[in-house]
1. Using beta carbons and a limit of 9 Å, which pairs, at least six apart or on different chains, have the first residue in the range A:288-299 and more than 21 Å from B:ILE207 (Cα to Cα) and not assigned by TED's automatic domain parsing to the domain that holds A:PRO200 and the second one among the β-branched types (Val, Ile, Thr) and in a loop (DSSP other than H, G, I, E, B)?
2. If we keep just the residues of the range B:236-282 that are of a type in the set (Gly, Ala, Ser) and free of Cβ contacts under 8 Å to residues at least 60 places away in the same chain, which is nearest to B:LYS26 (Cα to Cα)?
3. Quick test of your reading of the structure: A:GLU110 fulfils all but one of (1) assigned by TED's automatic domain parsing to the domain that holds A:ILE298; (2) at pLDDT below 95. Name the failing condition by number.
4. Do we have any residue at all in the range A:224-239 that's open to solvent by 30 Å² or more (accessible area, probe 1.4 Å), touching an Asp or Glu at 6+ places or on another chain (Cβ under 8 Å) and within 20 Å of A:ILE38 (Cα to Cα)?
5. Could you tell me which residue of the range A:257-270 is most open to solvent (accessible area, probe 1.4 Å), considering only residues that are under 14 Å from A:ARG139 (Cα atoms) and of a type outside the set (Asp, Glu)?
6. Just give me the residues in the range B:271-295 being in contact with a helix residue (DSSP H, G or I) (Cβ under 7 Å, 6 or more places away or on another chain), among the small types (Gly, Ala, Ser) and open to solvent by less than 10 Å² (accessible area, probe 1.4 Å), in sequence order.
7. For the range A:95-141, give me each residue that is in a helix (DSSP H, G or I) and open to solvent by 50 Å² or more (accessible area, probe 1.4 Å).
8. I'd like to verify a number: residues in the range B:164-210 that are closer than 18 Å to B:PRO130 by Cα and at the interface with another protein chain (Cβ under 7 Å from one of its Cβ atoms), how many?
Number of protein chains: 2
Amino acid sequence: MNKKAALAAAVAAGLALPATHAAESKPLAAKPTLGDVIKASKPSDWRPLDPDNTLYMDLTSGRVIIELAPDFAPNHAANIKLMAREQYFDGLAVIRSQDNWVAQWGDPDEKNPRPMKTAKQTLKAEFTVPMKNVRHFTRLPDRDGYAPQVGHSNGFPSARDPKTGQAWLAHCYGMVGVGRDNEADSGGGSSLYAVTGHAPRHLDRNITVVGRVVSGMPLLSSLPRGEGAMGFYDKPELNLPIKSVRVAADVSEAERSKFEVMRTDTATFKAAVEAQRNRGGPWTKVAAGYIELCNAPIPAREVK
Amino acid sequence: MNKKAALAAAVAAGLALPATHAAESKPLAAKPTLGDVIKASKPSDWRPLDPDNTLYMDLTSGRVIIELAPDFAPNHAANIKLMAREQYFDGLAVIRSQDNWVAQWGDPDEKNPRPMKTAKQTLKAEFTVPMKNVRHFTRLPDRDGYAPQVGHSNGFPSARDPKTGQAWLAHCYGMVGVGRDNEADSGGGSSLYAVTGHAPRHLDRNITVVGRVVSGMPLLSSLPRGEGAMGFYDKPELNLPIKSVRVAADVSEAERSKFEVMRTDTATFKAAVEAQRNRGGPWTKVAAGYIELCNAPIPAREVK
C-alpha cells in the first residue's frame, strides 16, 4: 500500500468494540469502514433534500448548497428564503475569509447598503429553541464539553440541555450562521457565514445558526484568506460575486441539484458513527473509543 | 457597531467566571479579551523559535514555518532535519489538499521516487513517548473525550495517559504529521501533512506527529482541493512546487523569519485560554464555560 492509499485508510473507518487507552499492543481486527457502511446502506437510510428548505448559492466558481434548519431557526429560515425570493443576495459577494474560522457573505457596500423589500433586516434571535420543537434527536453516547447532551437532529449536529429545556445547533465545520452586531436581535440573515475551520463551539447559543452546507464547501473553504482585519478582503476586487441565491423549490427541475443526506435516526447512521469512533485495522493501530460531535460523519451524496 | 466589528467581537474574548448552561438571561460583564491579554503580556511570556528546531518550507507562494517537537518525535525530527540539509524536499511539491482534512507534501513521482542520501526512508514509529521525556506540561482543567489528560507542552497541544505513562501530540489544526503505509514503522518524514480542518483527534497515537505550523497556514489551507481520490491532485500541473525546505539555523540571518510563540507554562497563557473559555460581553451572551484543547489559542507573532 503506498502513501496515498495509506492516509486513505485514515478516512475509511471501521466498526469496532470500544478500545481502551492502552490498546497499542494488539493489532486491530479489520472492520467495515465508513465507505462500507455507506455501500451497504438501503435507499430508506437516505432522505432527499427538501427543495423548500434548500438554498442554492450560485457563485461564479460554482454552486454551494445549504440545507436550512427551520426546526431550530424558523423565523430566520423563512426570512432568508424571502430574501432569496426577493433577489436580495444576487450581485452581493463573499467578502471575508479568515483562516481556521469562517467565510462570510453579504453586502460589500456598507455605506450604501442594498435596501430590503419585504424581508426583515433584523429579527429576534433564535440562539436556542424549546427541545420539543425539534422533531428528531438521536443522542450520541459520547460526552461533550460544551453541552450536557449532543447528537443529531434530522441531519444537523445539535446540542440540548434538559435543565433549561432548550436545544441548539452546534458550530461544526460547514454550519451556517447569521452575522450580528452586539445586540442579540441585530441579525436577520442578510449577512451569513459558514464555518471553515476547527469547530468554534464557544459560539454556540451566541448566534442564530440556520443550516449546513451540504455541498460546495471547498468553494468557500479554499478561498484566499483576506488580508484585512478578521479576514475581510481589503480590496473590493477580491470579493467573490454571488450570482444568485435561490430556494431550490423555485428552480426549474433541470437546474436542480439532486442531493440526499443520510438519515441520522437509523441503525445505519449509528454504524457510520461507530465506524469513525472505533476504526478497525489494518491502518489504524489504536481505536479512539470516542467521537466528538463535529467529527461524526453526516454523509451526503449526489443522485445522478 | 457594524457587522464586521461584530463578528470581530467573537474573536476577541473575555476573562470571566465559569458560566452555567442557563446563563442566557444576564448580560455578561466586559472582560479583557485575548487581544488584551496579548497586549498586556511581558517579553518573558514569549519565547523565540529555536532555529535548530524550526523548518522553513519555501513555496512559490510564500514561506511556511514549522516548529518541530523533538520531545515527542526525536528521531523523526532529526531525520527530517537531515532530509532538509540534504535538500531532499527541494523541488518536490504539495500534492494533496482534501477539504476539512489535510494538505500533504512529498514526492509527486511515485514511479521514480527521489532517492535518499543518508537520511532514513523509514523509522520506528514515535506515536507516543514516555511522559518523562516531555519537559513541560501545563494541563487544561477541561475534560477531553479522546484522552485522560490534555494540555500544552512547550507550545504544542498534547495529551497523556498516566496509566500507560505515555504522552503524545494532539491532531489540532496546523499540526504536522508523518504519512505512512499500513505498517506503523513505514513512515520516516519524506511525506508530511498539515491538518487543515476540524481536528481529526482519532488519528492521535496512530501517526507520528512532528510539529506545528506556526506561520503560513493559509498557504496550505486555502489551496484548491484536489479532484483525485482523497484530495490528491489529479494533474501534475496542480502540484504546488516546494522551492526548498531549510532548517532555520542554516539560513542566513538576513533571510530568517523572526517569530516568537507565547509560552504555555505561564499565568499569561492561562489568562489567554481563560479569555477563550469564558468570553465577556458585550458581544458574547453566553460564556462557554469550557474549552476544547484544539480551541485553545497558542499565540505566535512576528518580531520586526
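1. Qualifying pairs under 9 Å: A:ILE298/A:THR264.
2. Filtering the range B:236-282 for residues that are of a type in the set (Gly, Ala, Ser) and free of Cβ contacts under 8 Å to residues at least 60 places away in the same chain, the one nearest to B:LYS26 (Cα to Cα) comes out as B:ALA267.
3. Unmet condition: (1).
4. The answer is no; no qualifying residue exists.
5. Initial filter on the range A:257-270 (under 14 Å from A:ARG139 (Cα atoms)): A:263-267, A:269-270.
Imposing the further condition that a residue be of a type outside the set (Asp, Glu) reduces the set to A:263-264, A:266-267, A:269-270.
Working: A:ARG263: 83, A:THR264: 5, A:THR266: 24, A:ALA267: 83, A:PHE269: 8, A:LYS270: 141 Å².
Looking at residues that are under 14 Å from A:ARG139 (Cα atoms) and of a type outside the set (Asp, Glu), I get A:LYS270.
6. B:ALA272, B:ALA275 - these are the residues of the range B:271-295 that are in contact with a helix residue (DSSP H, G or I) (Cβ under 7 Å, 6 or more places away or on another chain), among the small types (Gly, Ala, Ser) and open to solvent by less than 10 Å² (accessible area, probe 1.4 Å).
7. Of the range A:95-141, the ones in a helix (DSSP H, G or I) are A:131-133.
Hits for the range A:95-141 are A:LYS132, A:ASN133.
8. Adding up the residues that qualify gives 4.
The values are calculated or read from the model by the stated rules, or taken from the named source; none is laboratory data. None of the values given here were measured: they were computed from a predicted structure. When we count neighbours, we look across all protein chains shown, and the Cβ atoms used for this are built from the backbone with ideal geometry, even at glycine. For the accessible areas, the whole protein counts, side chains as well, though only heavy atoms, and no ligand, DNA or RNA atoms are used. Shrake-Rupley method; radii C 1.70, N 1.55, O 1.52, S 1.80 Å.
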